[in-house]
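Novice: Attaching a single structure in structure tokens format; questions to follow.
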Amino acid sequence: MSSPFARLIVPALLPIVLILAWWYTSEGGSSIFFPPLSQIQERFQELWLFALVPEHVVPSLQSILWGLWISIVLGVGLGVLLGLNGYVATAVNPVLQFLRYLPAVALLPLAIQLIGIGQEMRVTIIVLGALWPILLNTIDGVRGISPGLIDVARSNRLRNFDWIFRVVIPSASPQIFAGIRASLAVSVILMFASELLGASRGIGYFILEAQRQFSLPEMWSGMILLGIIGYALNVVLMAIEYFALAWHRKARI
Amino acid sequence: MQATKTPVLEAVNISKSYGEKQVLADVSFSAGEGEFVCIVGPSGTGKTTLLRTLSALGTANSGEVRVNGMAITRPPAEVSVVFQDYSRSLMPWMRVGKNIELPLRRYKLSPAERTTRVTEALRDVGLEHAKDLYPWEMSGGMQQRVAIARSLAYRPQVLIMDEPFASVDAQTRADLEDLMLDIRARLGVTIVLVTHDIEEAVYLGDKVIVLSGRPASVSATVDVPLGRTRDQISTKSRPDYLELRAKIHAMIMQSPSSVSG
Amino acid sequence: MVAVLLVIWQITASVGQLGAVPTPVEVARALLAIFASGAVWEPLGTTLAGWAISLVLAVVVGIVVGFPLGTSRLAYRLSVFTLDFLRTIPALVLVPLVVLLYGSGLESTILLAFLGAVWAVIMQTIYGARDVDPTALQTFMSFRVRRWDTVKFLLVPTALPYIATGVRLAAAICVLVTISAQVVIPAGGLGEQILTAQLGGAVPSMYAYIFLCGALGVGANAAFGKLEGRALAWHPSHRKVSA
């Protein structure tokens, strides 16, 4: 049961069965909404390997990565500031909680009104959604730093720079990563939603156009691509986390 | 050793209260250059409070701490602290070498000199080959050695230690005690060690400060004339050692206010 | 602090520093106006209905699917990768398909919110069912406790705190997806009102509707957070140290 073979094969069984089931039921199906998977696969190869990648995939990925990057820099920066100043953090907490639970898509019309429908709008809306999980988790992580470490730092007269970058941030990094993971999911959603409402490029735009023209195999291929991209980004982030937090994982054993 | 010389570390009439509750009352003592001073007292007598005041991590309500005759208000460069809880005082995300190097970063040292200092400090505690390990790959005793090395690399005049061997097993504890005696002999650093263990205090100290009562005050300062080289077996079986141990034990037991507290 | 921020917003907006952003007073007035005129009730009702129905569906289906997956090692190992993959796919991706199938009505937002939230309940139920203390289970077995009683007195109490967390997460996700879907489809409710207000140039009422959406999110999370706290009260990690 726990041989490496079984460990790889068992989890792979269900996806294989599901895909085969989809393949054969859709093959003879008559619904125009569920075109044969074989046809979707054909379209997928034509469109996304790699003809339309520069036009639609690249701008979408750019929005996500810029939005996420800005959120990380802002979120960690502000989070450390607020986390180290407990009173301020307590004071602004209600505002942060409100912004966190405000569905960021609800801000889309507002962002369009203020900024228009360019790339900046999409990055902005991603930041408006993705910032809060990182910010709140960083504050939590920084406030949770052990009093022992504070004593060590003070008695060793660490420079503020070393204190923040070598003690505070690493110490909060498990929580920061948890925040980034949540923010990544939000970023993908907001990228897609913002492209539905205002874009002339991008995967979301492509899927919407395909839907409007009733090109269902194309639409499905876009949706599958988006699913794969979302999952792949998640895997990349988990891999980074796995290496960056090796100390955390091992120190607890 | 000369009585006329300014003590390296001096506590003058330190008092401290937390709200209504007074913890320290008029605590005074001094530690000369190269001297090994043990502060002993039962649990809950404000030893940790005293230590935080000595290292300027906490402030006293009255009295002052002087280092080389100068009153201190912030953690001074001449003093380094080894904390009891080694697992929390080392950064688990840094290798041993980086942990030791961390406090040195504020000084403009060349990379070569930094490396030298780290290597020397590790050699001083007998961990020459541990530079690239992570703290959590080591035993508790080794981790405490790393914490001591971090303080030594800083080249302090005074090493303040808070129950440093409370969470290791007996054999490791004996090894670490002898390591501290050895470090004092070789480097001439002044050591102030806080402990609740009378045996440890007498074995290590040139001088034992007995803290008792609530609020705690210095009930006695006992010189320990056992010489500077000591041995776990022969020293601990000397009649004068046993006598001193019994005497300090009696002082702590008989302290009237510790009963009423 | 909130007051301070509001005052800063009021001052900067009223001197025109923020471009087209209205002052908080204008927003508050718009908020009062939509309540006074009754314009708010219908969209609010649509949003709440969509939210509640999708949440109930997600919770019921999540628990029913999650329990067997959590109690059987094989079922868990078979499904873990698939679940991991499916839950990273944002529900909103299905908007174009769902619109084709069900149009822009309540069914669409319910389906989307359900698809967004059900994973949280499934995963939490699985964690809960897997967390059964082996010693407790052996104790139950050695006393030959009946199967149903084992479920009732061991499995359910162990899993309940986890499920409560899943329900809280699902409640928040349902608010999020319902409103988001209403904006992008658009499919009625508060979400569409935001869009309508923007297109109609009624900027203060756009802010008022956005504010309502945020309040809904905070409210749902707070209410279900309380519920979770209650379900967790016995849990060691949650027990308050009594002084």
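Novice: Restricting to segment A:197-207, and then to whatever is touching a Leu at 6+ places or on another chain (Cβ under 9 Å) and crowded, with 22+ Cβ neighbours inside 10 Å, can you tell me which residue is nearest to C:Tyr102 (Cα to Cα)? Give the derivation first.
Specialist: Just the residues of segment A:197-207 that are touching a Leu at 6+ places or on another chain (Cβ under 9 Å), to begin with: A:197-199, A:203-207.
With crowded, with 22+ Cβ neighbours inside 10 Å added as a condition, the list becomes A:197, A:199, A:203-207.
Values: A:Leu197: 20, A:Ala199: 25, A:Ile203: 23, A:Gly204: 20, A:Tyr205: 21, A:Phe206: 21, A:Ile207: 17 Å.
Residue satisfying both the conditions and the ranking: A:Ile207.
Novice: OK, next. Kindly indicate whether C:Gly116 is within 15 Å of the chain's Cα centre (by Cα) and within 14 Å of chain A (Cβ to nearest Cβ). Let's see the steps before the verdict.
Specialist: Numbers: within 15 Å of the chain's Cα centre (by Cα): yes; within 14 Å of chain A (Cβ to nearest Cβ): yes.
Against the criterion (within 15 Å of the chain's Cα centre (by Cα) and within 14 Å of chain A (Cβ to nearest Cβ)), C:Gly116 qualifies.
Novice: Output yes when any residue across segment C:103-110 is within 14 Å of another protein chain (Cβ to nearest Cβ) and surrounded by 18 or more Cβ atoms within 10 Å (Cβ to Cβ), and no when none is. Spell out how you get there, then give the answer.
Specialist: Step one: filter segment C:103-110 for residues within 14 Å of another protein chain (Cβ to nearest Cβ), giving C:103-104, C:108-109.
Checking which are surrounded by 18 or more Cβ atoms within 10 Å (Cβ to Cβ) leaves us with C:108-109.
Among the residues of segment C:103-110, at least one is within 14 Å of another protein chain (Cβ to nearest Cβ) and surrounded by 18 or more Cβ atoms within 10 Å (Cβ to Cβ), which makes the answer yes.
Novice: Sort out which residues of segment A:101-117 are touching a Phe, Trp or Tyr at 6+ places or on another chain (Cβ under 9 Å), surrounded by fewer than 22 Cβ atoms within 10 Å (Cβ to Cβ) and at pLDDT below 85, and write them in order of number.
Specialist: Of everything in segment A:101-117, just one residue is touching a Phe, Trp or Tyr at 6+ places or on another chain (Cβ under 9 Å), surrounded by fewer than 22 Cβ atoms within 10 Å (Cβ to Cβ) and at pLDDT below 85, namely A:Leu110.
Novice: Can you find, within segment A:90-106, the residue that is farthest from C:Cys174 (Cα to Cα) among those that are more than 7 Å from chain C (Cβ to nearest Cβ) and more than 20 Å from the chain's Cα centre (by Cα)?
Specialist: Of segment A:90-106, the ones more than 7 Å from chain C (Cβ to nearest Cβ) are A:90, A:93, A:96, A:99-100, A:104.
With the extra rule that they be more than 20 Å from the chain's Cα centre (by Cα), the set shrinks to A:90, A:93.
Values: A:Thr90: 28, A:Asn93: 23 Å.
So the residue we want is A:Thr90.
Novice: Also, I was wondering about something else. Sort out which residues of segment B:11-49 are closer than 15 Å to B:Val208 by Cα, surrounded by 20 or more Cβ atoms within 10 Å (Cβ to Cβ) and not basic (Lys, Arg), and write them in order of number.
Specialist: B:Ala11, B:Val27, B:Phe29, B:Ala31, B:Glu35, B:Phe36, B:Val37, B:Cys38, B:Ile39, B:Val40, B:Gly41
Novice: Can you find a residue in segment B:111-118 that is closer than 22 Å to A:Ser155 by Cα, polar (S, T, N, Q) and surrounded by fewer than 23 Cβ atoms within 10 Å (Cβ to Cβ)?
Specialist: yes
Novice: Look through A:Ile176, A:Ile134 and report the one residue that is within 14 Å of chain B (Cβ to nearest Cβ), buried (at least 22 other Cβ atoms within 10 Å of the Cβ) and touching a residue at least 40 places away in the same chain (Cβ under 8 Å).
Specialist: On the way: A:Ile134 fails: within 14 Å of chain B (Cβ to nearest Cβ).
Step by step, each of A:Ile176, A:Ile134 is checked, and only A:Ile176 is within 14 Å of chain B (Cβ to nearest Cβ), buried (at least 22 other Cβ atoms within 10 Å of the Cβ) and touching a residue at least 40 places away in the same chain (Cβ under 8 Å).
Novice: Do you know which residues across segment B:62-105 are over 27 Å from B:Pro7 (Cα atoms) and among the basic types (Lys, Arg)? Full working, then the answer.
Specialist: The first filter runs over segment B:62-105 and keeps only residues over 27 Å from B:Pro7 (Cα atoms), leaving B:85-102, B:105.
Answer for segment B:62-105, where residues must be over 27 Å from B:Pro7 (Cα atoms) and among the basic types (Lys, Arg): B:Arg88, B:Arg95, B:Lys98, B:Arg105.
Novice: While we're here: Can you name the number of the only condition in (1) within 26 Å of B:His196 (Cα to Cα); (2) free of Cβ contacts under 8 Å to residues at least 12 places away in the same chain that B:Arg150 fails?
Specialist: Failing condition for B:Arg150: (2).
Novice: For the subset of segment B:153-187 comprising residues that are assigned to a loop (DSSP other than H, G, I, E, B) and within 14 Å of the chain's Cα centre (by Cα), which member is surrounded by the most Cβ atoms within 10 Å (Cβ to Cβ)? Steps first, please.
Specialist: Initially, segment B:153-187 is screened for residues assigned to a loop (DSSP other than H, G, I, E, B), giving B:154-157, B:163-169.
Adding the requirement that they be within 14 Å of the chain's Cα centre (by Cα) leaves B:156-157, B:163-166.
Values: B:Pro156: 23, B:Gln157: 19, B:Glu163: 20, B:Pro164: 25, B:Phe165: 27, B:Ala166: 14.
Applying the filter and picking the extreme gives B:Phe165.
Novice: A further question follows. If a residue has to be within 20 Å of C:Gly38 (Cβ to Cβ) and outside any helix (DSSP H, G or I) to count, how many in segment C:200-218 make the cut?
Specialist: The total comes to 2.
Novice: Hey, A:Phe33 hits all of (1) within 22 Å of C:Leu101 (Cα to Cα); (2) touching a residue at least 24 places away in the same chain (Cβ under 8 Å); (3) more than 14 Å from chain C (Cβ to nearest Cβ) but one; which does it fall short on?
Specialist: (3)
Novice: Would you say A:Ile228 is surrounded by fewer than 17 Cβ atoms within 10 Å (Cβ to Cβ), hydrophobic (A, V, I, L, M, F, W, C) and closer than 30 Å to C:Val99 by Cβ? Spell out how you get there, then give the answer.
Specialist: Details: surrounded by fewer than 17 Cβ atoms within 10 Å (Cβ to Cβ): yes; hydrophobic (A, V, I, L, M, F, W, C): yes; closer than 30 Å to C:Val99 by Cβ: yes.
Yes.
Novice: Go over the candidates A:Ser215, A:Ser221 one by one and state the one that is in contact with a Phe, Trp or Tyr (Cβ under 6 Å, 6 or more places away or on another chain), hydroxyl-bearing (Ser, Thr, Tyr) and more than 9 Å from chain C (Cβ to nearest Cβ).
Specialist: Values: A:Ser215 fails: in contact with a Phe, Trp or Tyr (Cβ under 6 Å, 6 or more places away or on another chain).
It is A:Ser221.
Novice: Let me ask something additional. Could you list all residues from segment B:156-174 that are without any contact (Cβ under 8 Å) to a residue 60 or more places away in the chain and out of contact with any Lys or Arg (no Cβ under 8 Å at 6 or more places or on another chain)?
Specialist: Pass one, segment B:156-174, residues without any contact (Cβ under 8 Å) to a residue 60 or more places away in the chain: B:165, B:168-174.
Scanning segment B:156-174 gives B:Val168, B:Asp169, B:Ala170, B:Gln171, B:Thr172, B:Arg173, B:Ala174.
Novice: Out of all the residues in segment C:52-59, is one or more facing chain A (nearest Cβ under 10 Å), within 26 Å of C:Thr178 (Cα to Cα) and either buried (at least 16 other Cβ atoms within 10 Å of the Cβ) or in contact with a Cys (Cβ under 7 Å, 6 or more places away or on another chain) (or both)? Step through it out loud before you land on a result.
Specialist: Restricting attention to segment C:52-59, the residues satisfying the condition of being facing chain A (nearest Cβ under 10 Å) are none.
Looking through segment C:52-59, none of the residues is facing chain A (nearest Cβ under 10 Å), within 26 Å of C:Thr178 (Cα to Cα) and either buried (at least 16 other Cβ atoms within 10 Å of the Cβ) or in contact with a Cys (Cβ under 7 Å, 6 or more places away or on another chain) (or both).
Novice: Can you say whether C:Leu74 is within 12 Å of chain A (Cβ to nearest Cβ) and loosely packed, with under 15 Cβ neighbours inside 10 Å, as far as the supplied structure shows?
Specialist: Working: within 12 Å of chain A (Cβ to nearest Cβ): yes; loosely packed, with under 15 Cβ neighbours inside 10 Å: yes.
Criteria met by C:Leu74.
Novice: Using the structure shown, decide if C:Val145 is surrounded by fewer than 23 Cβ atoms within 10 Å (Cβ to Cβ), within 20 Å of C:Val64 (Cα to Cα) and away from chain A (no Cβ under 14 Å). Working first, answer last.
Specialist: Values: surrounded by fewer than 23 Cβ atoms within 10 Å (Cβ to Cβ): yes; within 20 Å of C:Val64 (Cα to Cα): no; away from chain A (no Cβ under 14 Å): yes.
Taking the combined requirement at face value, the residue does not satisfy it.
Novice: Could you tell me whether segment A:37-48 includes any residue that is within 14 Å of chain C (Cβ to nearest Cβ), part of a helix (DSSP H, G or I), over 30 Å from A:Leu131 (Cβ atoms) and among the aliphatic types (A, V, I, L, M)?
Specialist: Yes, that holds for at least one residue.
Novice: For C:Val175, state whether it is at the interface with chain A (Cβ under 9 Å from one of its Cβ atoms), closer than 25 Å to C:Pro24 by Cβ, of a type in the set (Val, Ile, Thr) and surrounded by fewer than 24 Cβ atoms within 10 Å (Cβ to Cβ).
Specialist: Working: at the interface with chain A (Cβ under 9 Å from one of its Cβ atoms): yes; closer than 25 Å to C:Pro24 by Cβ: yes; of a type in the set (Val, Ile, Thr): yes; surrounded by fewer than 24 Cβ atoms within 10 Å (Cβ to Cβ): no.
When the stated conditions are applied, C:Val175 does not pass them.
Novice: In segment B:192-202, how many are touching a Lys or Arg at 6+ places or on another chain (Cβ under 7 Å) and surrounded by fewer than 23 Cβ atoms within 10 Å (Cβ to Cβ)?
Specialist: Restricting attention to segment B:192-202, the residues satisfying the condition of being touching a Lys or Arg at 6+ places or on another chain (Cβ under 7 Å) are B:194, B:198-199, B:202.
When the remaining residues are screened for being surrounded by fewer than 23 Cβ atoms within 10 Å (Cβ to Cβ), the result is B:198-199.
The total comes to 2.
The values are calculated or read from the model by the stated rules, or taken from the named source; none is laboratory data. All values derive from a computational prediction rather than experimental measurement. Backbone-built Cβ (ideal geometry, glycine too); neighbour counts: all protein chains shown.
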